[in-house]
Amino acid sequence: MFKLLSKLWGRDLTSPRGPTVEEEEILSDAQIFKEDFSVSKQNKQALGRFVRLITAQLGGEESQRLATSVMSHLGPGDTASDAIQNGILDDDGQRRGQWVVLQVDWKATEEVEWQANELLTTAGITETWNMESGTNATVPHALVEFSSWVKPRGLRLLHLDFGDDAYYALLVLADQLEEIIQAAENAGLNIQGSDDFEREQLRD
């Protein structure tokens, strides 16, 4: 009787029913972006160069480890910023005594001093920086103070903007400044020199 009714209605009621339009998965804009977007070959090459430049002082083995870690996080939908954050700043990234990137929450001024001294250790500076402005100062004020302190020592502070509410900075040799900035920009990173950072953050 069931098969007879199926034939009378013009379709086989015993076969599985296909999904309706409402049941089909609808991709969000973010999912579509992740599926379709990928960093160009040129951007990848520039990112690799950027990481090698900022980690060169760590020695070949550690520099290669971080470079490999960064590039392994550059899948479809990932940006250069994602790769840096996941490859250097996650738990398996940079190690104490070998830091290359400072990461401080926008209101955590007390974090600036010890992280800045981690960067100094990596740079081979035996002096210790002591923040004079105190923890009541804003994070930008503390970073500008540190930037002023390192300049006479042949170093420069560069700032990375990952679009969140934290501050990111790296310490580089003055004579490598332009090369590192160029590699970062070619990789698609938003990078800023200390003078521009000061003008933008402390303009009020």
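The values are calculated or read from the model by the stated rules, or taken from the named source; none is laboratory data. This one's a predicted model, so the numbers in the text were calculated from it and none came from an experiment. Cβ coordinates were reconstructed from backbone atoms using ideal geometry, including for glycine residues, and neighbour counts include every protein chain displayed. Surface accessibility is based on the protein's heavy atoms, side chains included, excluding ligands, DNA and RNA. Shrake-Rupley method; radii C 1.70, N 1.55, O 1.52, S 1.80 Å.
For region 124-175, the set of residues classified as over 15 Å from the mean Cα position of the chain (by Cα), open to solvent by less than 30 Å² (accessible area, probe 1.4 Å), within 18 Å of ASP196 (Cα to Cα) and not aromatic (Phe, Trp, Tyr) consists of VAL139, PRO140, ALA142, LEU143, VAL144, SER147, VAL150, LEU155, LEU157, LEU171, VAL172, listed by residue number.
Among residues of region 79-118 being assigned to a loop (DSSP other than H, G, I, E, B) and of a type in the set (Val, Ile, Thr), the one that is farthest from LEU53 (Cα to Cα) is THR79. Among the residues of region 150-170, those identified as free of Cβ contacts under 8 Å to residues at least 60 places away in the same chain and charged (D, E, K, R) are LYS151, ARG153, ARG156, ASP161, ASP164. Given the structure, is GLY87 touching a Ser or Thr at 6+ places or on another chain (Cβ under 7 Å) and either within 30 Å of LYS41 (Cβ to Cβ) or buried (at least 17 other Cβ atoms within 10 Å of the Cβ) (or both)? Taking the combined requirement at face value, the residue satisfies it. Residues of region 40-66 that are farther than 21 Å from ALA123 by Cα, among the small types (Gly, Ala, Ser) and in a helix (DSSP H, G or I): ALA46 alone.
Hey, can you tell me all the residues within region 128-173 that are farther than 22 Å from GLN94 by Cβ and part of a helix (DSSP H, G or I)? Once the filter is applied, which keeps residues that are farther than 22 Å from GLN94 by Cβ and part of a helix (DSSP H, G or I), region 128-173 yields PRO140, HIS141, VAL144, GLU145, SER148, LYS151, PRO152. The condition of being open to solvent by 70 Å² or more (accessible area, probe 1.4 Å) and modelled with pLDDT under 95 holds for VAL21. Inside region 54-68, residues that are open to solvent by less than 20 Å² (accessible area, probe 1.4 Å) and either among the acidic types (Asp, Glu) or touching a helix residue (DSSP H, G or I) at 6+ places or on another chain (Cβ under 6 Å) (or both) make up a count of 5. Residues in region 179-200 that are part of a helix (DSSP H, G or I), within 20 Å of the chain's Cα centre (by Cα) and farther than 25 Å from THR121 by Cβ: GLN182, GLU185, ASN186, ALA187, ASP196. The set of residues from region 112-122 being of a type in the set (A, V, I, L, M, F, W, C) and open to solvent by less than 40 Å² (accessible area, probe 1.4 Å) comprises VAL112, ALA116, LEU119, LEU120.
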